[in-house]
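*Asks:* Quick one: structure below, then a few questions.
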Amino acid sequence: MSGILFGYSSSSINDSIPFMRRELGLTPAGVGLITSCFLVGAAFGSIFGGRLADRFGRKRTLVLNEILFILGTLGTSLAPNFETVLATRLFHGFSSGGITSVAPVLLAETSTPEQRSQSVTMALLILVFGEFCVFVVGAILGNVWYENDAIWRWINVLIVVPAVILVILHILIVPESPRWLAQNGKANLAWKTLRRMRRSSAQTRHELREIDAAINNINNNITTITNPQLGENEDSEKLENKPTTKKAGISDILTVSWLRTVLLVGIAVAITQQAYGVAIGMLYGTEVLREAGLDTKMALIANIGIGLISFLASWAGLLVVSRVGRRSLLIFGQIGTLSAHLAIVVCSAILPYGTARGWATFGLLLPFLAFSQGAISTVTWLMSAEIFPLSMRGIGTGICMLSAWTTACTISQLFPVSIAFRKEYNNQNL
């Protein structure tokens, strides 16, 4: 359930912007900074979160990040001015990124082998569900207390309640990862932990043997990519079985041509996912609808549809991706997203500013997000892990996700500025 925290917090800015602008007097550049700084914090939080989890344990790191998340949320909700909001949002994003990097690992390592794939993909779905939840909360609070400029603080702070509950549950109920315990010389504790989660001693013993074998394989058989005895054209399976003297790093990836190609493909897919503009829909949906012609109250309500279609599309994407294949689904999503983009441009050019254009834009945003979330985003998250050999999966996936975060930060910073520039240009040419 930790994914709900990130989904809720990352998209809470969507419904908060109209009220933050009124209370804090934000400029377009200020709106972009407040939005993008959360993503910057999340990018660094995801990097450090993984390293802390390897050193101190999955459970401890997750609980620590959840406590920091609560403090960051309270800090943002109580911030008196723009500068304080900026600092607390950065801190808030850092803790959220740590949660998203650690929670799926803990979930995967405590699940049975049969449940592992389903549980990890479910984590992505829960994250999108968190985005839907904040859109519902924002629509209700924003319409009931529309005249209250500080209502954005309540939209943000309400996530503290489930966050506190999660911290308590994780401390009292959730076990440490048996794999991490075994890897850090705590085999007896790993056995006791795994035994409590499995039906029989035989199942526990079998899974513990698999964990031990996997750890030995990583420690003794990780590929030394730079080994001169290996040709650059050898396939990944041969590389995985060669003896090694060190773990693969970024320098190892860059020394082998086919690995550089794999890395570039992963980076391109990650950047493309964000370049299509999915972050604009999830972070600025209310602003897009307001700029198209809807009033703020109606835009907040319509924003619920954006969250709902994103959730349903992500669910559908996870159901069909294994049947139709990654490449086919990715191409399908790209064609659909580009078509929706073109339709929105035509709609904006033909229809005058007003309610009709606002609802037409909303109607076209739905298929845009359906293609983006259900196809492109689903494939991106899966491919970023699958295309790399096991020995470099961690660093390869990290680089791809950092590319996605960087692109999302850039877009979220530039979008409100570009909207303001377009409005000023149109006013000068009237």
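The values are calculated or read from the model by the stated rules, or taken from the named source; none is laboratory data. Just so it is clear, the model here is predicted, and its values are computed rather than measured. In this analysis, Cβ positions are derived from the backbone assuming ideal geometry, glycine residues included, and neighbour counts consider all displayed protein chains.
*Asks:* Name the one entry in 159, 173 that is under 20 Å from residue 63 (Cβ atoms), surrounded by fewer than 11 Cβ atoms within 10 Å (Cβ to Cβ) and at pLDDT 80 or above. So that I can check it myself, show each step before the final result.
*Replies:* On the way: 159 fails: surrounded by fewer than 11 Cβ atoms within 10 Å (Cβ to Cβ).
Being under 20 Å from residue 63 (Cβ atoms), surrounded by fewer than 11 Cβ atoms within 10 Å (Cβ to Cβ) and at pLDDT 80 or above holds for just one of 159, 173, which is 173.
*Asks:* Mind counting the residues in the range 313-324 that are over 18 Å from residue 276 (Cα atoms) and either acidic (Asp, Glu) or in contact (Cβ under 8 Å) with a residue 12 or more places away in the chain (or both)?
*Replies:* 4
*Asks:* Additional query: Confirm whether residue 5 is under 22 Å from the mean Cα position of the chain (by Cα) and either assigned to a helix (DSSP H, G or I) or in the same structural domain as residue 165 (by TED's automatic domain parsing) (or both).
*Replies:* For residue 5, the condition - under 22 Å from the mean Cα position of the chain (by Cα) and either assigned to a helix (DSSP H, G or I) or in the same structural domain as residue 165 (by TED's automatic domain parsing) (or both) - is met.
*Asks:* OK, next. Quick one: in the range 399-422, of everything that is touching a Gly at 6+ places or on another chain (Cβ under 8 Å) and surrounded by fewer than 17 Cβ atoms within 10 Å (Cβ to Cβ), which residue is farthest from residue 377 (Cα to Cα)?
*Replies:* Per the criteria, the residue is 417.
*Asks:* On the given criteria, is residue 299 within 19 Å of residue 412 (Cβ to Cβ) and in contact with a Lys or Arg (Cβ under 8 Å, 6 or more places away or on another chain)? Don't jump to the end; show me each part of the working.
*Replies:* Details: within 19 Å of residue 412 (Cβ to Cβ): yes; in contact with a Lys or Arg (Cβ under 8 Å, 6 or more places away or on another chain): yes.
Spelling it out, residue 299 is indeed within 19 Å of residue 412 (Cβ to Cβ) and in contact with a Lys or Arg (Cβ under 8 Å, 6 or more places away or on another chain).
*Asks:* Something else: Only residues in the range 325-343 that are within 16 Å of residue 362 (Cα to Cα) count as the first member; pair them with residues that are of a type in the set (Val, Ile, Thr) and in a helix (DSSP H, G or I), Cβ under 7 angstrom, at least 6 apart or cross-chain, and list the lot.
*Replies:* 337/376
*Asks:* Output yes when any residue across the range 50-60 is more than 29 Å from residue 211 (Cα to Cα) and surrounded by fewer than 21 Cβ atoms within 10 Å (Cβ to Cβ), and no when none is. Walk me through it before giving the result.
*Replies:* Start the filter on the range 50-60 by keeping residues that are more than 29 Å from residue 211 (Cα to Cα), which leaves none.
Checked against the condition, which is being more than 29 Å from residue 211 (Cα to Cα) and surrounded by fewer than 21 Cβ atoms within 10 Å (Cβ to Cβ), the range 50-60 yields no hits at all.
*Asks:* Assigned to a helix (DSSP H, G or I), in contact (Cβ under 8 Å) with a residue 12 or more places away in the chain and under 24 Å from residue 335 (Cβ atoms): which single residue out of 270, 302 fits that description?
*Replies:* Answer to the selection: 270.
*Asks:* Test residue 36 against the stated conditions and say whether it is more than 21 Å from the chain's Cα centre (by Cα), under 25 Å from residue 136 (Cβ atoms) and either buried (at least 21 other Cβ atoms within 10 Å of the Cβ) or not assigned by TED's automatic domain parsing to the domain that holds residue 307 (or both).
*Replies:* Against the criterion (more than 21 Å from the chain's Cα centre (by Cα), under 25 Å from residue 136 (Cβ atoms) and either buried (at least 21 other Cβ atoms within 10 Å of the Cβ) or not assigned by TED's automatic domain parsing to the domain that holds residue 307 (or both)), residue 36 does not qualify.
*Asks:* Of the residues in the range 291-332, how many are touching a Gly at 6+ places or on another chain (Cβ under 9 Å) and hydroxyl-bearing (Ser, Thr, Tyr)?
*Replies:* 3
*Asks:* Looking at the range 88-107, I want the residues that are within 13 Å of residue 71 (Cβ to Cβ) and have a partner that is hydrophobic (A, V, I, L, M, F, W, C) and not in a helix (DSSP H, G or I) with Cβ atoms under 6 Å, at least 6 apart or on another chain. Which pairs are those?
*Replies:* Close Cβ pairs satisfying both conditions: 88/79.
*Asks:* With respect to residue 129, is the statement that it is among the aromatic types (Phe, Trp, Tyr), within 26 Å of residue 295 (Cα to Cα) and out of contact with any Phe, Trp or Tyr (no Cβ under 6 Å at 6 or more places or on another chain) true?
*Replies:* The answer is no for residue 129.
*Asks:* What helices (runs of 4 or more DSSP H) completely inside the range 329-430 contain at least 3 residues that are modelled with pLDDT of 90 or more and more than 21 Å from residue 298 (Cβ to Cβ)?
*Replies:* In the range 329-430, the matching helices (runs of 4 or more DSSP H) lie at 393-428.
*Asks:* Hey, residue 226 hits all of (1) more than 20 Å from residue 50 (Cβ to Cβ); (2) modelled with pLDDT of 70 or more; (3) in contact with a helix residue (DSSP H, G or I) (Cβ under 7 Å, 6 or more places away or on another chain) but one; which does it fall short on?
*Replies:* (2)
*Asks:* I want to confirm something. Restricting to the range 9-31 and keeping residues that are within 20 Å of residue 406 (Cα to Cα) and crowded, with 24+ Cβ neighbours inside 10 Å, which single residue is farthest from the chain's Cα centre (by Cα)? Lay out the reasoning, then the answer.
*Replies:* Of the range 9-31, the ones within 20 Å of residue 406 (Cα to Cα) are 9-14, 28-31.
When the remaining residues are screened for being crowded, with 24+ Cβ neighbours inside 10 Å, the result is 9-14, 31.
Working: 9: 11, 10: 9, 11: 11, 12: 14, 13: 15, 14: 16, 31: 21 Å.
Checked the range 9-31; the qualifying residue farthest from the chain's Cα centre (by Cα) is 31.
*Asks:* Next question. So which of 318, 263, 312, 254 ends up being in a helix (DSSP H, G or I), in the same structural domain as residue 370 (by TED's automatic domain parsing), farther than 13 Å from residue 365 by Cβ and over 21 Å from the mean Cα position of the chain (by Cα)?
*Replies:* 254
*Asks:* Among 338, 414, which is the only one that is out of contact with any Cys (no Cβ under 8 Å at 6 or more places or on another chain) and within 21 Å of residue 38 (Cα to Cα)?
*Replies:* 414
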